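My structure is below; once you've seen it, I'll send some questions.
The values are calculated or read from the model by the stated rules, or taken from the named source; none is laboratory data. The shown structure was predicted, so the numbers you read here are calculated from the model rather than taken from an experiment. Cβ: placed from backbone, ideal geometry, glycine included. Neighbour counts: every protein chain shown.
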Amino acid sequence: MIAHDRTANLRISIAVLLTCFVLGAAISRPVFTAWRNALQTQAPGMTPSAVISVAYETYLMLGLDEFSSQQPKVEAVWLVIVPLNYSTVELIGLHPEPFRDQYSPALGGLPLLTIQPHLRGPLAGTVIFDHDDLVELADRLGGVTLLGAHTDGPGLLNFITAADPNNPDDLLLRQSAVMQSLVAQGAISGVKIDLTALLQVPSQSSVEQGKQFDLIRHYYPLNTEAVRIHPLVDEAAGASP
């Protein structure tokens, strides 16, 4: 029973990972807006000489059962897709079961080949959380609103514990709901968020400090309309990554 509770608790930790990247975020004007405005000033009949292409970077958000254990188990895998024009943040959830035994302490994440098919642009860094980190994050935010009720860290874990073990999609949908609640709380807190403290919550991060500053500079404070959360519930849980 204890092992089951730990597994359920740690599956939710991906919500923490994602929050650290989106909690300090305010959307700047997309380049497409400037492009459209410029186009409107052109002479009639003129068309843009080329379509603007947007490049991306991907950050891996990894939830482990217990970071300090000898061989942590992967309980959550989410990708944070960031366009280099910083117009949106897309959070994509993958079924964790195919990755369960793939965590490498030496690499500080997953082998690149296991997630390469899911990346959009280069992998820019990995952030790792476990269930203790989730509790700390929830405490620092003062709790969240989940399904219309104020919920603290243990409450978030209980919500995930209720996921149907025979339905992997149920787990992803619950993780998605928790992430939405964390993002919403981040937007409500706005500039009151202690970003320095939040950046210290993850068990481990390989994201360069310069990239952290860029994310904060472009996305702080948070605009929830810029954040898209997409659990891939239509993928087979047992499929190879």
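Report, by residue number, each residue of segment 108-144 that is of a type in the set (Ser, Thr, Tyr) and in contact with a strand residue (DSSP E or B) (Cβ under 7 Å, 6 or more places away or on another chain).
So the first thing to find is which residues in segment 108-144 are of a type in the set (Ser, Thr, Tyr), and the list is 114, 126.
Within segment 108-144, just Thr126 meets the criteria.
Please list, ordered by first then second residue, the pairs with beta carbon atoms under 7 Å, 6 or more apart or interchain, first in segment 131-158 and more than 19 Å from Phe67 (Cβ to Cβ), second among the small types (Gly, Ala, Ser) and assigned to a loop (DSSP other than H, G, I, E, B).
His150/Gly143; Thr151/Gly143; Asp152/Gly143
Let me ask you something else. Answer yes or no: is there a residue in segment 160-172 that is acidic (Asp, Glu), closer than 28 Å to Leu215 by Cα and out of contact with any helix residue (DSSP H, G or I) (no Cβ under 8 Å at 6 or more places or on another chain). Break it down into steps so the answer makes sense when it comes.
Start the filter on segment 160-172 by keeping residues that are acidic (Asp, Glu), which leaves 164, 169-170.
With the extra rule that they be closer than 28 Å to Leu215 by Cα, the set shrinks to none.
No, segment 160-172 contains no residue that is acidic (Asp, Glu), closer than 28 Å to Leu215 by Cα and out of contact with any helix residue (DSSP H, G or I) (no Cβ under 8 Å at 6 or more places or on another chain).
Just to be sure, is Arg228 of a type in the set (D, E, K, R), buried (at least 20 other Cβ atoms within 10 Å of the Cβ) and modelled with pLDDT of 90 or more?
Working: of a type in the set (D, E, K, R): yes; buried (at least 20 other Cβ atoms within 10 Å of the Cβ): no; modelled with pLDDT of 90 or more: yes.
Here the answer is no, as Arg228 does not meet what is asked.
All but one of (1) touching a strand residue (DSSP E or B) at 6+ places or on another chain (Cβ under 7 Å); (2) of a type in the set (Asp, Glu); (3) at pLDDT 95 or above hold for Glu75; which doesn't?
(3)
Tally up the residues in segment 187-216 that are modelled with pLDDT under 85 and crowded, with 19+ Cβ neighbours inside 10 Å, please.
2
So His95 passes all but one of these: (1) of a type outside the set (Ser, Thr, Tyr); (2) surrounded by fewer than 20 Cβ atoms within 10 Å (Cβ to Cβ); (3) modelled with pLDDT under 95. Which condition number does it fail?
(2)
Another one. Checking the structure you have, find out if any residue of segment 216-233 is touching a Phe, Trp or Tyr at 6+ places or on another chain (Cβ under 6 Å) and assigned to a helix (DSSP H, G or I).
Residues of segment 216-233 touching a Phe, Trp or Tyr at 6+ places or on another chain (Cβ under 6 Å): 218.
Then drop every residue that is not assigned to a helix (DSSP H, G or I), which leaves 218.
So far as segment 216-233 goes, yes, one or more of its residues are touching a Phe, Trp or Tyr at 6+ places or on another chain (Cβ under 6 Å) and assigned to a helix (DSSP H, G or I).
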